[in-house]
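J.: Next up is a structure, given as structure tokens.
The values are calculated or read from the model by the stated rules, or taken from the named source; none is laboratory data. Please read these numbers as outputs of a predicted model, since none were measured by experiment. Every residue, glycine as well, gets a Cβ built from its backbone with ideal geometry; the counts of neighbours run over all protein chains shown.
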Amino acid sequence: MRWPANKSAAISRCVVLIAVLAAPWTAARADDDVAGETPRRPSVMFNRWQEDWSVLADPRVPREPLDGLKYIPLSSDDPRTYLSLGAGLRERFEANDAPSFGIGHNPNNDYLISRMEIHADLRIASQIQVFVQLQSDFAPGKTIITPVDQNRLDLEQAFIAVTEPVLGGTLKLRFGRQQFAFDLQRFVSVREGPNVRLSYDAAWIDYEHGPWRFISFYSQPVQDKDQAAFDDYSSTALTFSGVRLERTLSASSGIAMYYARFNQDNARYVAASGNERRDIVDLRYFGSAAGVDWDLEVMNQTGRIGGKHIEAWAFGTLVGYTFDDVTMTPRIGLQFDGASGSHNGTQFGTFSPLFPNGYYLSLAGYTGYVNFIHLKPSITIHPTKTLKVMFAVAAQWRETTADAVYTQPNIPVAGTAGRPGRYTGIYCQIRADYAITTYASAALEVVHFAIGDALRHAGGHNGDYMGMELKWGW
């Protein structure tokens, strides 16, 4: 395996950065443990704009390096009026010996994907928020650069949000470039797996009252151009909008449903092409009780693409049981998913995964949430409080042999549509996540995919993937 100099430099930069910053933060966490009723510092969150650093106005909160930039007070009368700065870095080395199962021009590839983000968060009396985030993403050593691999400098998020009490509830309005996701991000995600996260130029309305939450939104997904700095764009040629209703049933369970409209001009699929107009209905039920956890989601899609009527569906289920009183608290899980493909005729049945999260299946990206049946038992253990390890084996089939095998997110594998052989293959997956500190983490994922006859007859071969990741946030 040959490592270009820029790969080694990027990984060395991340390791040194984490090592330097981990020591004082680890000590600060120990102080926090004995602080009693002292307010706790916020954690670095998946959505950085959800962090509230006004807690640093309390002098009892233990200090950490650079707190003067995490909380810059702007009012002597209201500690909730402040400016906060932050940054994030993710470095992941990936090795994949069979992109698209080795079919087509997809050479073996060992490469690094590097993501850096910086942001500024302005809060005014907990009512107004102005959030701006920049991104710089590179993929040194990657042979084929796709739009989700590289974005050298651009605006990731820039929005204004207003929060007001209305009729006994809370109304939130958010306008501008932003990121949002639904549920387990099966179909609507921030696209955390690849290098360039997905943003939306959107208007978002959110109203919460008791156990109810109502959401309405209109968005244009942002497209990565990467020919010059700050050249990402959105347009009416690709839109996603809808309404969503959620209800909390208990402290650990709830239901959600939404209707959405997906529009895409000049769409191209194996069995159809033209302007795509897709109406979407989605239902989800989730919860946990007495050691059992579950998440069930179903989606139906109708509409038209070109001259064909759309009738597509998908479902996703996750159930598990955690043995809380057993060493390493093992969780036994079962994942069962499916998505329709197109059968011959005038009806178009290929399910669109919309904006999926590759994490839901695996980071290898060997298969997407299209024309498949997926069964995946797993076991997850916690050898220590900071280490989680998951072992899984999954089998996959095509829902119909009339349609292709698809790789992540919805790319058909050449030579598989209409070929016999429903069985796609079986893969083994091991993933380990380790929390180095509150602000730094590491992960390792290994996948081996043994293909079935349809892929083998199309010229494919078994695939092996390994991803090693370091992530730091401040």
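J.: Within the stretch 283-295, can one find any residue that is closer than 18 Å to G341 by Cα, in contact with a strand residue (DSSP E or B) (Cβ under 8 Å, 6 or more places away or on another chain) and in contact (Cβ under 8 Å) with a residue 60 or more places away in the chain?
T.: The answer is no; no qualifying residue exists.
J.: When you look at R247, is it under 26 Å from the mean Cα position of the chain (by Cα), part of a strand (DSSP E or B), over 23 Å from L198 (Cβ atoms) and among the basic types (K, R), yes or no? I'd like the intermediate steps shown before the answer.
T.: Numbers: under 26 Å from the mean Cα position of the chain (by Cα): yes; part of a strand (DSSP E or B): yes; over 23 Å from L198 (Cβ atoms): yes; among the basic types (K, R): yes.
So R247 fits the description; yes.
J.: Filter the stretch 323-338 down to the residues that are in a strand (DSSP E or B) and of a type in the set (D, E, K, R) and list them by number. Spell out the reasoning first.
T.: Let us first name the residues in the stretch 323-338 that are in a strand (DSSP E or B), namely 331-338.
Within the stretch 323-338, R331, D337 meet the criteria.
J.: Counting only residues that are at pLDDT below 95 and among the hydroxyl-bearing types (S, T, Y), how many does the stretch 417-445 have?
T.: The total comes to 3.
J.: Do you know which of the residues in the stretch 258-279 that are part of a strand (DSSP E or B) and hydroxyl-bearing (S, T, Y) is surrounded by the most Cβ atoms within 10 Å (Cβ to Cβ)?
T.: Once the filter is applied, the top-ranked residue is Y258.
J.: Mind listing whichever residues of the stretch 144-185 are surrounded by 18 or more Cβ atoms within 10 Å (Cβ to Cβ) and among the aromatic types (F, W, Y)?
T.: Listed by number, the residues that qualify are F159, F180, F182.
J.: Which condition does P140 not pass, out of (1) within 24 Å of A443 (Cα to Cα); (2) buried (at least 19 other Cβ atoms within 10 Å of the Cβ); (3) over 20 Å from the mean Cα position of the chain (by Cα), if it passes all the others?
T.: Condition (2) is where P140 drops out.
J.: Read through the list (1) over 27 Å from A442 (Cα atoms); (2) aliphatic (A, V, I, L, M); (3) buried (at least 20 other Cβ atoms within 10 Å of the Cβ), then give the number of the only condition that A57 fails.
T.: (3)
J.: Next question, about the same structure. With respect to Y434, determine if the residue is outside any loop (DSSP other than H, G, I, E, B), within 20 Å of the chain's Cα centre (by Cα) and not hydrophobic (A, V, I, L, M, F, W, C).
T.: It is true that Y434 is outside any loop (DSSP other than H, G, I, E, B), within 20 Å of the chain's Cα centre (by Cα) and not hydrophobic (A, V, I, L, M, F, W, C).
J.: Would you call A95 within 16 Å of I145 (Cα to Cα) and among the small types (G, A, S)?
T.: yes
J.: A further question follows. Show the residue pairs meeting these rules: Cβ distance below 7 Å; 6+ apart or different chains; first residue within the stretch 259-273 and of a type in the set (D, E); second residue part of a strand (DSSP E or B).
T.: D265/N275
J.: A further question on this structure: Among the residues of the stretch 209-223, which ones are assigned to a loop (DSSP other than H, G, I, E, B) and farther than 22 Å from K172 by Cα? Break it down into steps so the answer makes sense when it comes.
T.: Taking the stretch 209-223 first, the residues assigned to a loop (DSSP other than H, G, I, E, B) are 210-211, 222.
Correct list: V222 only.
J.: Test of understanding: among G341, G368, G421, which residue is outside any strand (DSSP E or B), buried (at least 17 other Cβ atoms within 10 Å of the Cβ) and either hydroxyl-bearing (S, T, Y) or on the phi > 0 side of the Ramachandran plot (or both)?
T.: Matching residue, one of G341, G368, G421: G421.
J.: Restricting attention to the stretch 327-360, report how many residues are farther than 22 Å from R261 by Cα and either in contact with a Cys (Cβ under 6 Å, 6 or more places away or on another chain) or modelled with pLDDT of 95 or more (or both).
T.: 11
J.: Among the candidates D231, D206, D226, which residue alone is out of contact with any Ser or Thr (no Cβ under 7 Å at 6 or more places or on another chain), more than 27 Å from D337 (Cα to Cα), charged (D, E, K, R) and in a strand (DSSP E or B)?
T.: D206
J.: Still on this structure: Residues in the stretch 99-117: is at least one under 29 Å from A229 (Cα atoms), among the β-branched types (V, I, T) and without any contact (Cβ under 8 Å) to a residue 40 or more places away in the chain?
T.: Looking for residues that are under 29 Å from A229 (Cα atoms), among the β-branched types (V, I, T) and without any contact (Cβ under 8 Å) to a residue 40 or more places away in the chain, one finds none in the stretch 99-117, hence no.
J.: Let me ask something else. Across the stretch 112-136, what is the total count of residues that are crowded, with 21+ Cβ neighbours inside 10 Å and under 23 Å from the mean Cα position of the chain (by Cα)?
T.: Number satisfying all stated conditions: 8.
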